[in-house]
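Novice: Would you mind keeping the following structure in view while I ask a few things?
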Amino acid sequence: MKGLRLGGDFNVLANCDDGTSVTFDYVDFGDAYTNKTLQLHLSNGGGTGKWIKVLIDGYAVPNNSRINVPATGSYGNFQTVSSSLGLIQGTHKLTLQFYGGSGVANVDWFKISQ
């Protein structure tokens, strides 16, 4: 994890710069083979042109692997963004890759929903 750290009181993924990635092993997508959505609660005080690539088990999510990161005004001002993951079930690795220069995002939490 290049430059990645837990920020503040260790509850925020910070320093997510261009080329940084983080992988969460054993993410449970549930037993039902249904369309799932990834929600990310994040902040970006560094402007536009930043994005996150989503991979499942090392492969880009078909048709929707890019999540554009909105400018939130500061790294302390968080917003929730969503992206479809398509049909998926079971337990998988979820990887987030950050692109767009310095200060792509701080990530507070993520959630998988139907």
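Novice: For segment 52-73, name all the residues that are under 14 Å from the mean Cα position of the chain (by Cα) and surrounded by 16 or more Cβ atoms within 10 Å (Cβ to Cβ).
Specialist: 52, 54, 55, 56, 61, 65, 67, 69
Novice: Something else: Sort out which residues of segment 1-31 are of a type in the set (A, V, I, L, M), loosely packed, with under 12 Cβ neighbours inside 10 Å and either outside any strand (DSSP E or B) or at pLDDT 95 or above (or both), and write them in order of number.
Specialist: We begin by selecting, within segment 1-31, every residue of a type in the set (A, V, I, L, M); these are 1, 4, 6, 12-14, 22, 27.
Then keep just the ones that are loosely packed, with under 12 Cβ neighbours inside 10 Å; that gives 1, 6.
Listed by number, the list holds a single entry, 1.
Novice: Taking the condition of being under 14 Å from residue 88 (Cβ atoms) and either modelled with pLDDT of 95 or more or more than 11 Å from the chain's Cα centre (by Cα) (or both), how many residues in segment 32-51 meet it? Don't jump to the end; show me each part of the working.
Specialist: At the first step, the residues of segment 32-51 found to be under 14 Å from residue 88 (Cβ atoms) are 32-38.
Now drop any that are not either modelled with pLDDT of 95 or more or more than 11 Å from the chain's Cα centre (by Cα) (or both), which leaves 32-37.
Counting residues in segment 32-51 that are under 14 Å from residue 88 (Cβ atoms) and either modelled with pLDDT of 95 or more or more than 11 Å from the chain's Cα centre (by Cα) (or both) gives 6.
Novice: Say whether the condition of being buried (at least 18 other Cβ atoms within 10 Å of the Cβ) and free of Cβ contacts under 8 Å to residues at least 60 places away in the same chain is met by at least one residue in segment 74-82.
Specialist: We begin by selecting, within segment 74-82, every residue buried (at least 18 other Cβ atoms within 10 Å of the Cβ); these are 75, 78.
With free of Cβ contacts under 8 Å to residues at least 60 places away in the same chain added as a condition, the list becomes 78.
Yes, the conditions are met somewhere in segment 74-82.
Novice: So is residue 99 more than 13 Å from the chain's Cα centre (by Cα) and among the hydroxyl-bearing types (Ser, Thr, Tyr) or not?
Specialist: Values: more than 13 Å from the chain's Cα centre (by Cα): no; among the hydroxyl-bearing types (Ser, Thr, Tyr): yes.
In short, no.
Novice: Name every residue in segment 36-77 that is over 16 Å from residue 98 (Cβ atoms) and not in a strand (DSSP E or B), in order of residue number.
Specialist: 57, 58, 62, 63, 64, 73, 74, 76, 77
The values are calculated or read from the model by the stated rules, or taken from the named source; none is laboratory data. Here the structure is a predicted model, which is why all the values come from computation and not from measurement. Please note: Cβ atoms are built from the backbone with ideal geometry, for glycine as well, and neighbour counts cover all protein chains shown.
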